[in-house]
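Data block below; observations after.
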Amino acid sequence: MRQFKITDLSALYRYQTQAISLDGGYTFTRGGNLLGTAALLEQIGPDDHTTLAVQIEPYSKKRILGQMYVDPRTATAKMNFLAPEELSGTLAMKELIEGLCKLAGEAGAVCVNAEVEVGNDIFSSFREQKFRLYDRLRIWYLPPQNNGHTDGVNHWSVTHDSDYIGLRHLYASLVPPIVQAAQPLIANALPDLVYWQDNEIMGSMKSMTGPGGIFLKPLLHPAIQEDAGGVLYQALQHYYPLVGRPVYIAVPSYQGWLESILYKLQAEVVSLRSLMVRYLAQPLRVPEHESAVRTLEKVRMHPSHFEGKGGD
């Protein structure tokens, strides 16, 4: 495995329609274009936390590309994409995944995350490279005509450092321990917004923005008194004037109660993903944690009755 070079540009553009998306936020904020100019600029730009690596497949001599981002605030890494999809099961692809994990460890990450589209053959390659399934994720597309203003008082506010204790309590009460281990909440990487009810934090909102849309990750307590759909729209007002862009909402399994609300808002499922993690430091083996992993991996997840718009 080696770093991306200018001589690899031809492969970068040749694989534009053959990339395997491993990060919903990265994908949908770019309108599905993972291997365009943005990928190149991220690699040669000032952000040294992003790595674009190349592995040569020994038989076909084709280049295999993989991009990863290491977040120094959370000491976690995230796979962005691999390409091309036709080589997803090859030894060279597995070696590239292994090489990226090694780089993540050298950069100080304690785990590497990847979101694998349900049904994609790359799932087996990640399993062979010691990645484990820890949750499921549906990504919903919210139609533009619904992105209007809402009546009433907006109880969302920008997050401050003093909100950490309240967020920590919310996170601990709603997020399963198996997920917290892969996606830790730390004081210097807090969500954008917090939702207040009766002087208590009852929700938070993380976001990614890009030319292709806004990607939101809400965490809402089911005990909120107001209409949850209205609460989501209130959060969108804080991203004005970006609201004219497509809006995508990520819903993990432990926030499944939001799905019926999104369905009523005419939102559509556009992606169904398995969340996978590889721990680079050996975690403490807790019996409850191991039981949860085994139960989750036995579940065969099928597309719901909701009709999606496709991957891009």
Quiz item: Within the bounds of the stretch 174-185, is there any residue that is modelled with pLDDT of 90 or more, of a type outside the set (Ser, Thr, Tyr) and in a strand (DSSP E or B)?
Solution: no
Self-check item: Residue that is nearest to LYS130 (Cα to Cα), among those in the stretch 227-276 that are part of a helix (DSSP H, G or I) and open to solvent by 50 Å² or more (accessible area, probe 1.4 Å)
Solution: SER253
Quiz item: What pairs can you find where one residue is in the stretch 88-109 and in a loop (DSSP other than H, G, I, E, B), the other is of a type in the set (D, E, K, R), and their Cβ atoms are less than 9 Å apart, with a gap of 6+ or different chains?
Solution: SER88/ASP121; GLY89/ASP121; THR90/GLU57; ALA109/ASP71
Quiz item: Among (1) under 26 Å from VAL269 (Cβ atoms); (2) in a strand (DSSP E or B), where does GLY119 come up short?
Solution: (2)
Quiz item: Is one or more of the residues making up the stretch 277-293 surrounded by fewer than 11 Cβ atoms within 10 Å (Cβ to Cβ), closer than 19 Å to LEU137 by Cβ and modelled with pLDDT under 85?
Solution: no
Quiz item: Just a yes or no: is a residue in the stretch 173-183 over 23 Å from ALA77 (Cβ atoms) and open to solvent by less than 40 Å² (accessible area, probe 1.4 Å)?
Solution: yes
Practice problem: Those residues that are over 16 Å from TYR134 (Cα atoms), open to solvent by 10 Å² or more (accessible area, probe 1.4 Å) and in contact (Cβ under 8 Å) with a residue 60 or more places away in the chain, I need them from the stretch 111-124; list them, please. | Solution: ASN120
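The values are calculated or read from the model by the stated rules, or taken from the named source; none is laboratory data. Note that the coordinates shown come from a computational prediction; the quantities given were computed from them, not determined experimentally. Using ideal geometry, Cβ is built from the backbone for each residue, glycine included, and neighbour counts are taken over all protein chains shown. The protein model used for the area step is the full one, side chains on, heavy atoms only, and it has no ligands, DNA or RNA in it. Shrake-Rupley method; radii C 1.70, N 1.55, O 1.52, S 1.80 Å.
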